[in-house]
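To start, the structure under review is shown below, and the notes come after it.
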Amino acid sequence: MARKDKTDGEMLKGTLDMMILRTLVTGDAHGHTIAKVIERGSEDVLEVEQGSLYPALHRLEDRGWLSSYWGASENNRKAKFYRLTAAGRKQLARETSRWRQMIRAIGLVMGDEAMADGGTQ
Amino acid sequence: MSWLRFFRRNRSDAELQEEMDAYLADETAENIARGVNPEEARRRARIKLGNPRSVRETLWRQNTVSLFDTFGRDLKYATRTLARTPGFSLIAIAVMALCIGATTSLFTVVRSVLLRPLPFRDPGHLVMLYEHFRDARSNQAGFNYNTVAPADYFDWRTQTHGFEDMAAWRYWQFTLTGDGGELPEQVSARGGSWNLFPLLGVRPAIGRTFTENEDRADGTAVMLTWNLFERRFGGDASIVGRQIHLDGKPYTVVGVLPKGFTYPDAKVQVWVTYLSGLPPEIVPHHDYHFTRVVARLRPDVSLASALSPVGAVQYRLHLQNLNAPVAEDVAPRNINDDLAQDVKKPLLLLMCAVACMLLIGCLNVANLLVARGAARQKEVAIRGALGAQRWTLIRGQLTESLLICVAGGGGGVLLSLAATKWLANAWKDLPNAVGIHVDGVVLGFACALVFSAALLAGLLPAISSTGKAVFAALQASSRTTSGSLSRATLRKTLLTVEIAVTVVLLIGAGLLLRSFVRLRGTGVGCVTANVLTLDFSLSEQKYSSPEKVNAFDESLLEKLRALPGVRAVALGSVLPGQGNGGDDVFTIKEHPPLKPGELLPDALIRMADPGYFSALQIPLLNGRFFTSDDRLDRARKIIISNRLARQYFPGEDPVGKTIHVPAHNNTDFEIVGVVGDTLWQVGKPVEPTMYFPMLEGSLVRGQSFAIRTDSDPLAMSVPIQKQIAALDPELPVSNVQTMQQAIGDSLGNASFSATLVLGFAVLSLVLASVGLYGVLSYLMTQRKTELGVRMALGAQRDQVLRLILVDGLRPAIMGLALGSVASVGVTQLIGSMLYDTRPLDPTVYVAVTFTLLMVATLACMIPAWRASRLDPMQALRAE
């Protein structure tokens, strides 16, 4: 499965939801695309496990942060598309700021100037 | 929103599968595009996706609300196990339906009659006021509440200020005749003081209520109840302002009362004002008791402090009228209790009886569940061994009893819909009978009942069958019987309690029944077989002189006596056994004047025609009956009852003495005869009675005929009514029934509660015997091997029979003993409802003991006999 060292691709807890929401800011997407975008976006460092992607999508939908509809994928196949709702947008903002605080805090502890200064570049 | 996902689990699973299929397809396509051959492309896609089942399972778990899920699973198992033994399930459900239905019905009635506030403004502040005599004799008969004299009411109202206001009402009755030749009808009426409706806070549906000016002797304002308005006047609002004829006199309709207004009972058709039609000379009297007083408390004044000035006024009135029956004190009564006075006790008693039945039902279901628990011992043990929590096991079993109770409760509510309707119709004494129906609160009560019954029936068996000892079942060999012994003890205990409660119920029912039979058997002091009775009231307009009244009475009597099949006819005001009819005080001319503080003698008053006593076969003890010569101004004669003679003429001959009755034309009457005593109501003590001659010609409101016939008296009712109609077609006749029916009606309450309690007791007996049979059958099956060994070793069949029988009868006898002891205490509570029957009546106790032992023996006999027929070889091979 994983071509890299197992720990490299493992995600920090709770970050998958945030990344899914972030991915959908640019437009509606279906599961495959979302996974791909996250993987590509992380320069293939992160690997999205399908076993957690789909439950996460359903959970976010259940909380009202995503809505979904069936449409045709770029290959003209039937696919379930997800869209960010207004509540989802707010949630993304909340999680992003929380994430930044966290990064900064960890950075301070680790004595990493770059992280402590600006969060994600 | 979020927990709803639980119910969408299947859809979301299907969607997930589609999504994953789409993912696979996309990934494969991408791989192919990268130049991988299709087979490899698909394989890689699959690898990338991982295990689709595990993804589905993750999502499924995520969508699960564990509470629902486990409950659903419990429910499914419970339904399955119950469906596997339909016989057991149906019996248990039927038992619960019966018990819950009966309890719900009774609760519905109790709520409507005793608990529901009347549809008045702030009904908690309303209170009825009565005169209260302090002497021992008045209180001994339980007659603490005396209706109020008009002058007392007016003095209370004007001289005290503790209450916001007081209002009065009295009984009245009219003949309503139509202008367009409609049938005349007797209407029950009340005369209410002008401030009654404002005091109660009742607004008229149409028109207005009475004004103060209308509340006088010649006032002719009338209000219709909704019932009469709809029924007789077709709900036409233009009736307000028009006239109707009551007793031939025109009255003006000023308003219509609202639909829900059925105070004081639903039979009332019209309301006039309190003083309307009341002879003005009666009003200043302090000893003519016929008024009910309703008072409204001020919000800031307690009942006690509002009452004490009224009591003071009354005591002063008492001192001013020392010899007259003017009470010393006043007594308040809750307005709801006042309406329910006759039915409160029987209702509470019945409520207790159904509660007992419900308890027995629950114990029975518990017993059946314990038996099932025993049969499923191994299953429970294995589940426990595999790691099921004890709570999970208990929950599973509770679900079963809950399911039984819910199904039973559903059936019970349906049952109670019918039963409540029947109860409200059949129980004639219930006030507010139209207001009795099942509503939200009742349904809530039924739900609470279902859940507590489920808990009661399910918890004990569930706890007992899941204890630590259960694991012994896994170790025990199939032949060991010791493992089930503790369970058998539990069942026997349950059974003992069940039988004890049954015994209490049976004894209570037996006492009530015996009391009722005693009542039934009491003679009222006159002939009652083959007697037809009917009531009528002559109209004041039409029969304006004594001569006219006499002419009607005598010609009707003559016509009726001439009818073939009629043996004798009596005409009077009130017939024996049919009510009080009012009483009056009198003085005896020949006796010295009363000492101060000594009460005036008092007697019931009746009118009688010359043929009255011979027709009713009331014996003449002394003197003579009335003759047709005792009429008009020669009618200053009186006949007294034996009780009056003995009470007020001890050791002297009353015939020839003179009685002065202030209330009866204020004249002297010569005693011409003494007749045998009659009861005014069955179950009540004999009262002194005086009879005036009917032919004095005064207009009596409510006359009654008693017609003795050769055969079935009801068959004569049509020819008799035809004779009346021939004389006066506008005269309505009411209460056409046999004397036995009329007296039976007055026993309605006693008969009703006795029958119902007996019904519940018999049902409980059946339940208990079924329980007994069940327990013993089960024990027998458990001991099959043991019995086989005994028989193989030489035990005789009758020894085995005795063994099982004794085993079964032991809890029965224990229960009987416990129940009898409990009954001694419990039956004291119903002592006041019993007539001529002591709460410890030995006959009842013996009869109940005997019945119970018979039924218990019968219930035990079947399994015992079956045990004695066992083939030892088969019994030993069976395992």
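So B:Asp712 clears everything in (1) under 22 Å from B:Val531 (Cα atoms); (2) among the acidic types (Asp, Glu); (3) crowded, with 21+ Cβ neighbours inside 10 Å except one condition, right? Which one? Result: B:Asp712 fails condition (3) only. Scanning segment B:52-71 for residues that are exposed (fewer than 12 other Cβ atoms within 10 Å of the Cβ) and either at pLDDT 80 or above or hydroxyl-bearing (Ser, Thr, Tyr) (or both) gives B:Arg53, B:Ser54, B:Ser66.
Scanning segment B:26-71 for residues being in contact (Cβ under 8 Å) with a residue 12 or more places away in the chain and in contact with a Gly (Cβ under 7 Å, 6 or more places away or on another chain) gives a total of 1.
To keep it simple, each residue is scored yes or no on (1) more than 17 Å from B:Leu75 (Cα to Cα); (2) of a type in the set (Lys, Arg); (3) free of Cβ contacts under 8 Å to residues at least 12 places away in the same chain.
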| site | (1), (2), (3) |
| --- | --- |
| B:Leu368 | yes, no, no |
| B:Ala371 | yes, no, no |
| B:Glu379 | yes, no, yes |
| B:Ile382 | yes, no, no |
| B:Ala388 | no, no, yes |
| B:Trp391 | no, no, yes |
| B:Arg395 | no, yes, no |
| B:Leu398 | no, no, no |
| B:Leu403 | no, no, no |
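Does B:Leu176 qualify as being touching a residue at least 60 places away in the same chain (Cβ under 8 Å) and not in a strand (DSSP E or B)? Taking the combined requirement at face value, the residue does not satisfy it. When residues in segment B:656-674 are screened for being surrounded by 18 or more Cβ atoms within 10 Å (Cβ to Cβ) and in contact with a Gly (Cβ under 9 Å, 6 or more places away or on another chain), 4 of them pass. Restricting attention to segment B:625-667, the residues that are within 44 Å of the chain's Cα centre (by Cα), among the aliphatic types (A, V, I, L, M) and either in a helix (DSSP H, G or I) or on the phi > 0 side of the Ramachandran plot (or both) add up to 2. Only residues that are at pLDDT 80 or above, aliphatic (A, V, I, L, M) and surrounded by 16 or more Cβ atoms within 10 Å (Cβ to Cβ) were counted across segment B:721-753, and they come to 7.
Taking the criterion of being in a loop (DSSP other than H, G, I, E, B) and in contact with a Gly (Cβ under 6 Å, 6 or more places away or on another chain), the residues of segment B:597-624 that qualify are B:Ile618, B:Pro619, B:Arg624. Which one is surrounded by the most Cβ atoms within 10 Å (Cβ to Cβ), of the residues in segment A:58-115 that are among the hydroxyl-bearing types (Ser, Thr, Tyr) and within 11 Å of chain B (Cβ to nearest Cβ)? That would be A:Tyr82. Annotation for segment B:611-630: at least one member residue is modelled with pLDDT under 90, crowded, with 16+ Cβ neighbours inside 10 Å and in contact with a Pro (Cβ under 7 Å, 6 or more places away or on another chain). Looking at B:Arg134, is it charged (D, E, K, R) and not in a helix (DSSP H, G or I)? Spelling it out, B:Arg134 is indeed charged (D, E, K, R) and not in a helix (DSSP H, G or I). Just for segment B:74-114: of the residues that are surrounded by fewer than 22 Cβ atoms within 10 Å (Cβ to Cβ), within 33 Å of the chain's Cα centre (by Cα) and of a type in the set (Gly, Ala, Ser), which one is nearest to B:Ile335 (Cα to Cα)? Of everything passing the filter in segment B:74-114, B:Ala94 is nearest to B:Ile335 (Cα to Cα). Residues that are outside any helix (DSSP H, G or I) and either assigned by TED's automatic domain parsing to the domain that holds B:Leu348 or free of Cβ contacts under 8 Å to residues at least 60 places away in the same chain (or both): does segment B:852-869 have at least one? Yes: one or more hits. The helices (runs of 4 or more DSSP H) located wholly in segment B:1-107 that include 2 or more residues which are away from chain A (no Cβ under 13 Å) and among the small types (Gly, Ala, Ser) occupy B:66-84. Which one of B:Val718, B:Val766, B:Val686, B:Val770 is outside the structural domain of B:Gln173 (by TED's automatic domain parsing) and touching a Ser or Thr at 6+ places or on another chain (Cβ under 9 Å)? One residue alone meets the criteria, B:Val686.
Checking every residue in segment B:262-274 against the condition of being buried (at least 16 other Cβ atoms within 10 Å of the Cβ), among the basic types (Lys, Arg) and closer than 24 Å to B:Pro184 by Cβ gives zero matches. Would you confirm whether or not segment B:700-713 contains a residue that is at pLDDT 80 or above and part of a helix (DSSP H, G or I)? Scanning segment B:700-713, I find at least one residue that is at pLDDT 80 or above and part of a helix (DSSP H, G or I), so the answer is yes. Restricting segment A:39-52 to residues that are surrounded by fewer than 21 Cβ atoms within 10 Å (Cβ to Cβ) and part of a helix (DSSP H, G or I), the residue that is nearest to the other protein chains (Cβ to nearest Cβ) is A:Gly51.
Yes/no matrix, rows are residues, columns are (1) touching a residue at least 40 places away in the same chain (Cβ under 8 Å); (2) among the β-branched types (Val, Ile, Thr); (3) farther than 28 Å from B:Phe536 by Cα; (4) in contact with a strand residue (DSSP E or B) (Cβ under 9 Å, 6 or more places away or on another chain):
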position: B:Phe229; (1), (2), (3), (4): no, no, no, yes
position: B:Pro250; (1), (2), (3), (4): no, no, no, yes
position: B:Lys259; (1), (2), (3), (4): yes, no, yes, no
position: B:Pro279; (1), (2), (3), (4): yes, no, no, no
position: B:Val283; (1), (2), (3), (4): yes, yes, no, no
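Scanning segment B:754-768 for residues that are surrounded by fewer than 21 Cβ atoms within 10 Å (Cβ to Cβ) and among the small types (Gly, Ala, Ser) yields one hit, B:Gly759.
Apart from one condition, B:Phe233 fits all of (1) closer than 21 Å to B:Gln186 by Cα; (2) crowded, with 21+ Cβ neighbours inside 10 Å; the exception is (2). Filtering segment A:24-38 to residues that are in contact (Cβ under 8 Å) with a residue 24 or more places away in the chain and either touching a His at 6+ places or on another chain (Cβ under 8 Å) or not in a helix (DSSP H, G or I) (or both) leaves A:Val25, A:Asp28, A:Ala29, A:His30.
The values are calculated or read from the model by the stated rules, or taken from the named source; none is laboratory data. These numbers come from a predicted model, not from an experiment. Counting neighbours? That spans all protein chains shown, and the Cβs are built from the backbone with ideal geometry, glycine included.
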